[in-house]
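First the structure, in the form of structure tokens, and then the observations on it.
The values are calculated or read from the model by the stated rules, or taken from the named source; none is laboratory data. Everything quoted here is computed from the prediction, not taken from an experiment. Neighbour counts run over all protein chains shown; Cβ positions are idealised from the backbone, glycine included. With ligands, DNA and RNA removed, areas are computed over all heavy atoms of the protein, side chains included. Shrake-Rupley method; radii C 1.70, N 1.55, O 1.52, S 1.80 Å.
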Amino acid sequence: MNTATTRGTTRRKVFAIAAGGAALGLGVTATLAAWTDTEWVFGGNGAGGPGVGTSTFSVEQNTVAPFTAAADWVNEPANPGGEIVFGPDAIDLAPGDTVYAAVALRTAPDSVAGDVELQAAVPAAGITTNDAGGLLFDALNVRVATGATAFACDATAFAAGASATLIADGPLATTGGSAAQSLDADAGSTQVYCFEISLPDPLTLAPGTTIDDYMGLTVAPAWEFQAES
């Protein structure tokens with residue numbers, strides 16, 4: 001074997017190993033020089049629990065005057081809702097008769113504040129009535145008075161100088177509240193609503209009907225209070 005060739009080959013191997021070692025050395029040096037650590041935080045409530053969430057908005061109703069018993073505050077979010085009773089005479093109306101019933105609203109104890117607005121009456125869901133063609137429903141009138149303190153739900157609520165505010169006055173089927181009312185957070189305020197239902201005298205008859213067609217009819221109007229926080 002040629003001595004010079006052998007020496008040259010050996011030298012190239014040495015250089016190659018040296019180069020590889022240099023590369024390995026650089027890699028090891030870079031790894032060992034980079035100390036690492038991490039730190040975490042979380043949004044808490046100051047006591048180790050979750051600290052970010054959503055508020056609650058819920059309106060309750062009370063149909064039992066004087067609206068003070070805690071157990072009488074309930075949620076009725078679907079038609080027909082809670083029952084307000086206009087009294088025994090309400091089922092036997094004659095032209096000129098008027099009847100009254102009341103309900104109170106407030107926010108739930110853990111709710112944010114909001115506003116409520118009365119909508120026009122619709123037939124109560126699931127209640128069997130006798131009002132073919134909606135004759136009686138369309139003939140009735142409604143007035144609604146409201147106040148932030150308790151008041152008598154009768155004719156005095158609608159008299160001149162009454163403390164309650166009139167927010168609805170017109171045909172039952174088309175008349176809603178003229179303004180929204182504010183409810184404080186956490187059951188902090190109560191809004192009372194007095195409904196007056198009347199059968200006009202004289203009664204305006206629908207085309208093609210007689211007064212006899214209005215006798216013996218029954219309706220069950222339902223009202224929605226739309227609430228927004």
(request) Please give the net charge around A222, taking every other residue with its beta carbon less than 12 angstrom from that of A222, where Lys and Arg add +1 and Asp and Glu add -1. (result) -3
(message) So for each of 189-195, 170-176 I average, over its residues, the number of other beta carbons within 10 Å; can you give me the resulting order with the highest mean first?
(response) 189-195, 170-176
(request) Using 0.36 nm per residue of separation minus the Cα-Cα distance, give me the extension gain between S229 and E76 in nm, one decimal. (result) 53.3 nm
(message) Treating only the Cβ of Lys, Arg, Asp and Glu as charged (+1, +1, -1, -1), what charge dipole size does the chain show about its Cα centre? Round to the nearest 20 debye.
(response) 3040 debye
(message) Once R0 is set to 22 Å, what does the formula 1/(1 + (r/R0)^6) return for the Cβ-Cβ distance between L135 and D89, expressed as a FRET efficiency to the nearest 0.05?
(response) 0.65
(message) Using a probe radius of 1.4 Å on heavy atoms only, what accessible surface per residue do you get for the chain? Whole Å² is fine.
(response) 62 Å²
(request) Could you look at the chain and say what percent of its accessible area is carbon and sulfur, using a 1.4 Å probe and all protein chains? (result) 57 percent
(request) Would you compute, from DSSP H runs of 4+ residues alone, the mean residue ellipticity of the chain at 222 nm, taking -39500 (n - 2.57) per run and dividing by the full residue count, rounded to the nearest 500? (result) -5500 deg cm²/dmol
(message) Helix 3-33 against the longest principal axis of the chain: what's the angle in degrees, Cα atoms only, rounded to the nearest 10?
(response) 30 degrees
(message) Cβ neighbours within 10 Å, averaged per peptide: list 36-42, 93-99 in order, most packed at the top.
(response) 93-99, 36-42
(request) Would you kindly derive the ³J(HN,Hα) couplings of segment 127-138 from the backbone phi angles with the Karplus curve 6.51 cos²θ - 1.76 cosθ + 1.60 (θ = phi - 60°), listing them in order in whole Hz, with x for Gly and Pro? (result) 9, 7, 10, 10, 8, 4, x, x, 4, 6, 4, 6
